[in-house]
Ligand code: G3P
């Protein structure tokens, strides 16, 4: 058997290809960003063709860097930004327009209408999701309604929908010359169109959104020994590699963090934060504002479910300090600036730029900075931004405790922001919980590699994967309970301001 497994990680801001060996150690990577297109307030788009070109380039470059060819890869996995919606023409391979990104709020009226028309409970019950702009169903409906000719093409089966995993698998397996149109259960569970029980597209949900079944991909497990498809000689891999793992990126991170037992959780710190708790084969329905989602399905095994707290804006609030306010020159500098002060100086920042996701689900909320006095400086704002990342995670952790009764003892963390040591210390302080970061911080790409490798016997079992996990650093809480609860109480008041703002 070949010695390595490859993994495409198609994220919100960039696409990377990584190659791992049997110990789960990174052998090579290459990464390229793509454009964030924001044509109007609340709209966020990507160019699907640019994403495909970037994917081709990162695959070729990483293989070249490692001095490897397709024959060195036992399998390839794909993981992706979830919910982001591409609709393309199977005959030409051309997208009907830009991809509508998960952060895009253009469907807010549709989302409120679903609730007003009494569809909210069915969607929550069947799909495990609240009606919100975040998920794909409304985005597909928007394209069907607003792009001329797409509805007819969709009904004929010529217009295809996919999240970016489907788009890339279709391209990698031949595109308009016979590309395979598939997705996996984790990605499908983010559309509002799949039943969590049957793991199939649900007629009632399709009817609510007016979406023709003919445009939807086949739903398969996240790890398949009968491959989704095989890469091509004349594609970026320049050879045939079976594609045997597909997972949405947050579920992939759960797998990369080897959270295979009920009660195990991870928090990924990227543009947003995503805290997932493995609930095993039990479908736990949230009463506290979390999502119920598929965590993974390995081959013929029963699906494993998760409760998820999705937070729209965390790392992107740090980018806002850099790009819009210009008070830092790079993400790393946020730590240095925040360290100039002992505490937040009374400042709380709620970065509700895309409304508030879990556990509030208020697309109309808008950001607020409260508690300012003339004494405050940039450093307090930088510190308040890091605290906002951590308080939002606490909001989600509280909801998880309510829904599941599980209080996580050690929170496994990953993602770019976990390099910010001050932020991780604040996270331990705000939660009152140990925070632990693994050696391989690229858990998303690793998780997709694990799913692909398990399918072909490159790894034998999830127990074997557990042995690959090693801690690089942990943070213990330093605040006492009084300080923790006082600070959190103030945060809750600040959140209330962002909700009151729109109600006035
Ligand atoms: O649900 C959205 C999530 O999958 C995006 O993750 O890491 O691409 O920002 P990321």
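We did not get these values from a lab; they are worked out from the coordinates using the rules stated. What you see is a predicted model; the values in this text were computed from it and never measured. As a convention, Cβ positions derive from the backbone with ideal geometry for all residues, glycine included, and neighbour counts pool all protein chains shown.
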Scanning segment 347-377 for residues that are in a loop (DSSP other than H, G, I, E, B) and without any contact (Cβ under 8 Å) to a residue 40 or more places away in the chain, which turns out nearest to residue 111 (Cα to Cα)? 351
Just checking, which of 353, 357, 349 is buried (at least 17 other Cβ atoms within 10 Å of the Cβ) and under 14 Å from residue 490 (Cα atoms)? 349
Among the residues of segment 19-59, how many are closer than 19 Å to residue 243 by Cβ, within 14 Å of the ligand (Cβ to nearest atom) and not in a helix (DSSP H, G or I)? 0
Hits in segment 290-303 - residues which are outside any strand (DSSP E or B) and within 16 Å of the ligand (Cβ to nearest atom): 290
Can you confirm whether residue 40 is surrounded by fewer than 17 Cβ atoms within 10 Å (Cβ to Cβ) and either within 22 Å of the chain's Cα centre (by Cα) or over 30 Å from residue 455 (Cα atoms) (or both)? yes
Are any residues in segment 141-167 surrounded by 24 or more Cβ atoms within 10 Å (Cβ to Cβ) and over 19 Å from residue 91 (Cβ atoms), and if so, which ones? 163, 164, 165
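What is the residue count in segment 60-85 for residues that are within 16 Å of the ligand (Cβ to nearest atom) and either within 20 Å of residue 245 (Cβ to Cβ) or in a helix (DSSP H, G or I) (or both)?
Initially, segment 60-85 is screened for residues within 16 Å of the ligand (Cβ to nearest atom), giving 77-85.
Going one step further and asking which of them are either within 20 Å of residue 245 (Cβ to Cβ) or in a helix (DSSP H, G or I) (or both), we end up with 77-84.
Of the residues in that region, 8 qualify.
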Does residue 9 fit the bill of being closer than 22 Å to residue 269 by Cα and either outside any helix (DSSP H, G or I) or touching a strand residue (DSSP E or B) at 6+ places or on another chain (Cβ under 7 Å) (or both)? yes
Filter result for the condition that a residue is in contact (Cβ under 8 Å) with a residue 40 or more places away in the chain, touching a strand residue (DSSP E or B) at 6+ places or on another chain (Cβ under 9 Å), closer than 29 Å to residue 252 by Cα and part of a helix (DSSP H, G or I), over 306, 317: 317
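Would you check if residue 261 is within 17 Å of residue 385 (Cα to Cα), surrounded by fewer than 17 Cβ atoms within 10 Å (Cβ to Cβ) and away from the ligand (no atom under 16 Å from the Cβ)? Before you say what the answer is, go through the steps one by one.
Numbers: within 17 Å of residue 385 (Cα to Cα): no; surrounded by fewer than 17 Cβ atoms within 10 Å (Cβ to Cβ): yes; away from the ligand (no atom under 16 Å from the Cβ): yes.
When the stated conditions are applied, residue 261 does not pass them.
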Test set (1) within 19 Å of residue 240 (Cα to Cα); (2) within 15 Å of the ligand (Cβ to nearest atom); (3) surrounded by fewer than 19 Cβ atoms within 10 Å (Cβ to Cβ) - residue 3 fails condition number: (2)
Residues located in segment 415-435, provided they are farther than 13 Å from residue 393 by Cα and either outside any helix (DSSP H, G or I) or more than 16 Å from the ligand (Cβ to nearest atom) (or both): 415, 420, 421, 422, 425, 434
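Quick check on residue 85: is it farther than 25 Å from residue 308 by Cβ, buried (at least 23 other Cβ atoms within 10 Å of the Cβ) and in contact with a helix residue (DSSP H, G or I) (Cβ under 9 Å, 6 or more places away or on another chain)? Before you say what the answer is, go through the steps one by one.
Working: farther than 25 Å from residue 308 by Cβ: no; buried (at least 23 other Cβ atoms within 10 Å of the Cβ): yes; in contact with a helix residue (DSSP H, G or I) (Cβ under 9 Å, 6 or more places away or on another chain): yes.
Answer is no for this residue.
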Tell me the strands (runs of 3 or more DSSP E) entirely within segment 217-286 that contain at least 2 residues that are under 18 Å from the mean Cα position of the chain (by Cα). 242-248, 265-269, 273-280
Restricting segment 86-104 to residues that are assigned to a loop (DSSP other than H, G, I, E, B) and more than 14 Å from the ligand (Cβ to nearest atom), which is nearest to residue 271 (Cα to Cα)? 98
For segment 193-204, state whether one or more residues are away from the ligand (no atom under 16 Å from the Cβ), in a helix (DSSP H, G or I) and surrounded by fewer than 24 Cβ atoms within 10 Å (Cβ to Cβ). yes
